[in-house]
């Protein structure tokens, strides 16, 4: 018979594969909340304050790409737009989840490395909407401008936007 465990949140008895296993330098073991309840809690926390998740993701990417990293929560809070607006599109960021369905990810805050190879270092970061960051990616302003001009020509000839 397969082993089960009770989730401390939803109180359901579930098989162990429904629980996250933690194995890091701080703690080893099986989480007390099931994956579903853990995910719901993460979504609530992200909506309240996305900075910890953004910091964690940046640190992971810096290790993966072997690029510099010297930022912390306080620094990210200091550069996050006080008006909650994307400075590139001048629209509000959409954070978190609504009724357990993620809002449009395109407008979620995203941490952009202005000069990608410099890494996640102070003075090289700005918060923009995810779609802006994806458009920029590892591109240069020259490439972005050429791409814009290319598509503007199509707009002019077809009248389509």
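The values are calculated or read from the model by the stated rules, or taken from the named source; none is laboratory data. Please read all numbers here as calculations on a predicted model, not as lab measurements. Because the Cβ atoms are built from the backbone with ideal geometry, glycine has one as well, and the counts that use them run over all protein chains shown.
For the reader, a short list of remarks on this structure follows.
- With respect to the stated conditions, residue 55 is outside the structural domain of residue 20 (by TED's automatic domain parsing), in a helix (DSSP H, G or I) and within 30 Å of residue 9 (Cα to Cα).
- Test: residue 158 is in the same structural domain as residue 59 (by TED's automatic domain parsing) and more than 26 Å from residue 66 (Cα to Cα): yes
- Scanning the stretch 76-96 turns up at least one residue that is over 27 Å from residue 121 (Cβ atoms), modelled with pLDDT under 85, touching a helix residue (DSSP H, G or I) at 6+ places or on another chain (Cβ under 9 Å) and in the same structural domain as residue 136 (by TED's automatic domain parsing).
- One residue alone among 124, 133, 138 is over 14 Å from the mean Cα position of the chain (by Cα) and buried (at least 17 other Cβ atoms within 10 Å of the Cβ), and that residue is 124.
- Hey, residue 131 in contact with a strand residue (DSSP E or B) (Cβ under 7 Å, 6 or more places away or on another chain), under 21 Å from residue 46 (Cα atoms) and either outside the structural domain of residue 42 (by TED's automatic domain parsing) or in a strand (DSSP E or B) (or both) or not: no
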